[in-house]
Every structure is written in structure tokens, then in C-alpha cells.
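J.: Provided herewith is a single structure, encoded as C-alpha cells, for subsequent inquiry.
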Number of protein chains: 2
Amino acid sequence: MTIQTRKQRDLRRREDLFLQVARRLLLERGFHGLTMDRIAEETEYSKGTTYLHFGCKEELILELGKRSRRQRLELITRGVTFDGRPRERMVAIGVAVDIHTRLFPDDVRIWEIMNAESIIEKIPADRQPDLKASDIAVNDMLIGLVNEAIACGDLVLRPGDSPQEITFGLWAITDGGFAAILGNAPLEHLNLRDPYAAIFKNCHVLGDGYGWRPLSTEWDYDATVERIRREVFPEESRVAFGGGEAA
Amino acid sequence: MTIQTRKQRDLRRREDLFLQVARRLLLERGFHGLTMDRIAEETEYSKGTTYLHFGCKEELILELGKRSRRQRLELITRGVTFDGRPRERMVAIGVAVDIHTRLFPDDVRIWEIMNAESIIEKIPADRQPDLKASDIAVNDMLIGLVNEAIACGDLVLRPGDSPQEITFGLWAITDGGFAAILGNAPLEHLNLRDPYAAIFKNCHVLGDGYGWRPLSTEWDYDATVERIRREVFPEESRVAFGGGEAA
DNA sequence: ACAACTCTTGACGCCGCGTCATATCATGGG
DNA sequence: CCCATGATATGACGCGGCGTCAAGAGTTGT
């Protein structure tokens, strides 16, 4: 039993090492700069050993992406526990994503790489649901929040509106916004001062447009953001936004 | 002179042939299924000849993407000539994108493939501005429309709002929405009936949120869409949405 | 000490990209 | 009509990366 466990632990350690080196290579040298031989060389294992862990190069990258998504999901899950009105808790999800992006900017890039058709294309299809699991979880939370808002009367749907549409809109703004920031759009041309703030802002405008109370004109959401950072992400906020000059 | 021209024309023809075959291969067999040898074989030219046209495989794919972007830009440019209030003309851009997506769904997929980091990564950097040119053009049109709306009084910016933000929001919804439709998001899970309509809808909600007159509650934008299709894209609409059973 | 078993290795086969020496073709002058 | 000269096309080749697997190193149990 203990021996079994130690072996498993060693394997896990080794896998972590592979992933850590792979991550560095991917970020420093790009997709084509990441090669299985290089990983083997830098970890001082052989190539055959890496293939005991990952069926192919793409699967390795996918695993990197999955871990980063899981990490983000944890932050979001914590955010949604914030004690407040549904729309405030929606803001908390935004804060979670914002913090995640600031703390781990590289992860978003890895996710972009992973999203490339050429990666997914080579993975046996049965691994892919696993990949989307955390996205689905986030989606469920979003819809859940919208439904709560409806239940408590904060949001009254107009004829033709649906919770799915609202969720889709918020998702699209966030996703499209981050994609733009990451370089798919000519952002430097459209010179926004703070693209992250613009994403937040537009989500609020959309929320107001749907009539989701309290509207941003009748509530101090900046204060809400402060509270969320203080109460839910104190440690992360200190790291992400700096805590003065104290060590 | 005429000889020179005939040669150029032949070269162009051949390039078109390469691109046409490449396009088919890319769509049928994916990124990894598209190989330079295969293109040479199917066109009955040699591989060396293909390399007279394209410096590398990625450059070829990039050219495919560029052409498709240019085509979309043409539709958008036509859309923006629509005779109406600025917000109606913004809708016309949406209609153009919608029509383009319906007429050439494959192009969007090619653009996705092209967007993959692994493609861009290998292109000598001096070709990339060229790529973004049409995106920048679209962006300029969007900002131009927002400014027109401000100039004619249809849109009164609240303190803190900027034309750039509005443009960014609309862009993000559209881009993120299409990305979601193309598979980056768990769309089948969030079961929307018509994702395309949802994009439209959310753009309207955003426009309303910014107070861009006429609001969707005080104007029949469905009628505007009909007019746009009839007046600006009669032929394309017939093909895209079917024109009854007439030949 | 040795057998049986597990884990690790790196040389190898294959494939696709991109090159370049060679072959083929076109043109024009003798 | 033929050959020289330059332009164009070709595909065999080199290279590098992926993924495999037979052989070797290490471990465990007796």
C-alpha cells in the first residue's frame, strides 16, 4: 500500500516536472519550439519516458491547458460564494477572472495555443469532454445566477429574453474581449486605455440593458469590487495588485 | 507587354489553382491533412513549383485567410453604405457579417485555423500588418459610425463613456459569439435556439444600454434588416436565405 | 545469488517541410 | 533549321521532429 503510493507519488512528481518544463518551453519558444526531445533533454529523462505520460505532444499541451482551466475554475467557484445580490456575485466571477488573468497571464496564452484546431485535431475524441468540463461548470454557475436574479425579482425578463441569452452575451463579451486583448484584434489601433476595464464596463452596460437590478447607475459596484477583493480574494489581490512596499 | 501580361495571368491562374486545392484539402482533412506534397500531387505540378508561390505552408494558409477576410470586408463596406440612421447602418454591418457567415461558413473555419498561434508564429513579421489591414478597416468604420451617431445627436455619451468602448463591446460580442458558435464554448450545453440571433440581440441590448437612439424598443429593427437585405444585398440574401422555389 | 519482472532508454522508421542541382522548355540569333 | 542562352520546373535529398520498441538497467522475491 505505502509502496504503491510512493510509486504513484514519484510518477506524479515526474509528470509535474515534465509539465513544468513543457510550460516553460512553450512560453519561451512557442509551439514549434516545444519538442519532445527537448523536454527529455531538459528533464534528463529519455523521450520514451515522456511517452509513458503523454500519448502525444498535443495531449501534453492539452493537459497544461486543462490544469490552467481547473485553476481558474477554483477561483471562480470561490468568487461565486460572495455574500451579496446575484448581480454582485456575477461581478465576483468577473473579479475572479480578472485576478486569474493578472496572476497567470501566461495561462491564457497557453489556452489560446491549445484552442488551435491543429491541437485538438489530433486528440482521440474521448478526451475532449473532459476538457470542456470546467467551461460547462462556469456556464452552469452563470445561468444559475441569472435564474436566482429572476427568482428574487432583481431581474424581470422582457418578452423574448431568456437566461441563456444573457449568459451568452456576458460570455461572449468576456471571451471576445480577452481574445482581442491577446492579439486577434487590432487593439493598439483602437486605442483603449484599459481593455480589462472596458470588458467590465461593457458587461455592466449589457446587464443594465437587460434591466438587471441593481443597475450600475443605482449601485456602487466599485465598492462591491473592493469588498469582493477584500473578503474573497485577500491573498490573491495582494499579489495581483501589490500591497504597498511591505515584504 | 502583352507577353508579360499573359505570363502574369498564367501565374495567377496557377496560384488560384493551388489555393483552391489547398482550401479543399484544409477543409476536408484539416491542418495536418494539408501537405505541400499533396497539393503538388493533386494539381499535377511539382512541389518546387508550389514553393515559387508560397514561402512555406503557413504562408499559403495565411493567403487563404487574407482572401476570405477581403471578401468579408467587401460585404461590410457595401453594408455601411446603407441609407439610414447610424445605428441602422451599424445593423447593416451585422447583416453583412451574418450573410458572409451563412454564404461562406468554411471561411470562418479557415480563419480560425489561421489564427492559431502555430501559424502566425512562422511567418516573417513583415507580412502580418497586411493581415490585420481589413480588421483595422472594419474597426475604423465602426468608430466612424459611433462618431456620426454622436454628431447627429442619436448618441449622447454619459461621462466616462467613449466611442472606443462601445466599438470594443460590439466587436467583442460579435467575435466572442462567433468563436463560441465555432466550438470554443460549450454551446450545446447552454441550449440556445439560434446563436446568430442571440449575437444580434445582445448587440442591440448593448446599444440600448449605451442609450444609442433609436432604441430597439422604439424602432422596428427587424424591418430595417429586411430593408438592408432587400436594398443592399438582394442577390446574396436570395442565395443565403433561399428565394422560394424559383430557379 | 539468481530468476522473474518492471521500468527506462535511445536508436530507428517514418513523414513532412523546404532546398537546390539538374532537367526541361522558350526565345532569339546565325 | 539548329544551337546558345536564359528562364522555368522538377523531384531527390537533407533535416528535424514524432512516436515505437527491442534491448538494457534496475528491482523484487526467493
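The values are calculated or read from the model by the stated rules, or taken from the named source; none is laboratory data. Since the structure is predicted, the reported quantities are computational estimates derived from the model, not experimental observations. Cβ sites come from the backbone with ideal geometry, for glycine too, and all protein chains shown count toward neighbours. To get the accessible areas, we keep the full protein, side chains included, count just its heavy atoms, and leave off ligands, DNA and RNA. Shrake-Rupley method; radii C 1.70, N 1.55, O 1.52, S 1.80 Å.
J.: Between A:His100, A:Ala197, A:Gly84, whose Cα lies farthest towards the positive end of the dipole of chain A when Lys and Arg beta carbons carry +1 and Asp and Glu beta carbons carry -1, centred on the Cα centre?
T.: Final value for the positive-end residue is A:His100.
J.: Something else now. Taking 1 over the mean of 1/r across every pair of different Cα atoms in the stretch A:187-247, what Kirkwood radius in Å do you get? Could the numbers behind the result be given before it?
T.: Numbers: mean 1/r = 0.0724 Å⁻¹.
Answer for the stretch A:187-247: a Kirkwood hydrodynamic radius of 13.8 Å.
J.: If you put a point 7 Å past Cα along the Cβ direction, how far is that point for A:Asp161 from the same point in each other copy, in nm, smallest first?
T.: From this label point to the equivalent ones elsewhere in the assembly: 1.8 nm.
J.: Right, another one. Farthest toward the dipole's positive end in chain B, which of B:Phe241, B:Thr174, B:Pro129, given Cβ charges of +1 (Lys, Arg) and -1 (Asp, Glu) about the Cα centre?
T.: About the Cα centre, the residue reaching furthest to the positive side is B:Pro129.
J.: For the stretch A:154-246, run through the chymotrypsin sites (Phe, Trp or Tyr not before Pro) and keep only the ones in DSSP coil with at most 10 other Cβ atoms within 10 Å of their Cβ. Walk me through the intermediate numbers first.
T.: Working: sites: A:Phe168, A:Trp171, A:Phe178, A:Tyr196, A:Phe200, A:Tyr210, A:Trp212, A:Trp219, A:Tyr221, A:Phe241; in loops: A:Trp212, A:Trp219.
Here no loop site has a sparse enough neighbourhood.
J.: So with the 1.4 Å probe, I'd like the accessible area per residue for the protein assembly as shown, rounded to whole Å².
T.: Numbers: 23870 Å² over 494 residues.
Solvent-accessible surface per residue comes out at 48 Å².
J.: In terms of the Cα gyration tensor, with a ≥ b ≥ c the square roots of its eigenvalues, is the protein assembly as shown rounded because a/c is under 1.5, prolate because a/b exceeds b/c, or oblate?
T.: Values: a/c = 1.88, a/b = 1.02, b/c = 1.85.
Here the protein assembly as shown falls in the oblate category.
J.: List, shortest first and in nm to one decimal, how far the label point of B:Glu226 (7 Å from Cα along Cα→Cβ) is from its counterparts in the other copies.
T.: Label-point distances to the other copies, shortest first: 5.2 nm.
J.: With the radius of gyration and the Kirkwood radius both derived from the Cα set of the stretch B:1-143, what is their ratio Rg to Rh? Walk me through the intermediate numbers first.
T.: Numbers: Rg = 17.4 Å, Rh = 16.8 Å.
On the Cα set of the stretch B:1-143, Rg over Rh gives 1.04.
J.: With +1 on each Lys and Arg Cβ and -1 on each Asp and Glu Cβ, and nothing else charged, work out how big the dipole of the protein assembly as shown is about its Cα centre, in Debye to the nearest 20. Before the final figure, lay out each step's value.
T.: Details: 68 positive and 80 negative charges, 211 e Å.
The dipole of the protein assembly as shown has a size of about 1020 debye.
J.: Still on this structure, please answer the following. Quick one: of A:Lys7/A:Lys57; A:Lys132/B:Lys57; A:Lys7/A:Lys132; A:Lys7/A:Lys122, which pairs are farther than 28 Å apart, Cα to Cα? It would help to have the intermediate numbers written out before the result.
T.: Working: A:Lys7/A:Lys57 24 Å; A:Lys132/B:Lys57 30 Å; A:Lys7/A:Lys132 30 Å; A:Lys7/A:Lys122 30 Å.
With Cα atoms farther than 28 Å apart: A:Lys132/B:Lys57; A:Lys7/A:Lys132; A:Lys7/A:Lys122.
J.: Could you tell me how far the Cα centroid of the stretch A:15-92 sits from the Cα centroid of the stretch A:105-167, in Å?
T.: 19
J.: I would also like to ask the following. Compute the Cα gyration tensor for the stretch A:1-54, then decide on rounded, prolate or oblate, letting a ≥ b ≥ c be the square roots of its eigenvalues: rounded whenever a/c is under 1.5, prolate when a/b is larger than b/c in the other cases, and oblate in all that remain. Let's see the in-between values first.
T.: On the way: a/c = 3.32, a/b = 2.29, b/c = 1.45.
Verdict is prolate for the stretch A:1-54.
J.: Then there is this: Determine the residues within the stretch B:157-171 where the difference in accessible area between the chain on its own and the full set of protein chains amounts to at least 50 Å²; count protein heavy atoms only and use a 1.4 Å probe.
T.: Checking the loss per residue gives B:Gln164, B:Glu165, B:Phe168.
J.: How many square angstrom of accessible surface are buried between B and A, both sides summed, with a 1.4 Å probe and rounding to 100? Walk me through the numbers before you get to the answer.
T.: Working: alone 14140 and 14110 Å², together 23870 Å².
Looking at B and A, the buried total is near 4400 Å².
J.: Then there's this: With angles folded into 0 to 90 degrees, how steeply does helix A:57-79 sit against the dominant principal axis of chain A? Use alpha carbons for both and round to 10.
T.: So the inclination is approximately 30 degrees.
J.: Can you classify the stretch B:134-247 as rounded, prolate or oblate using the Cα gyration tensor, where a ≥ b ≥ c are the square roots of its eigenvalues, rounded means a/c under 1.5, and otherwise it's prolate if a/b beats b/c and oblate if not? Display every interim value, and only then the final one.
T.: Details: a/c = 1.80, a/b = 1.29, b/c = 1.39.
Here the stretch B:134-247 falls in the oblate category.
J.: Here is a further query. Could you tell me how many degrees, from 0 to 90 and to the nearest 10, lie between the Cα long axis of helix A:2-33 and the main elongation axis, the longest principal axis, of the Cα atoms of chain A?
T.: Tilt of helix A:2-33: around 70 degrees.
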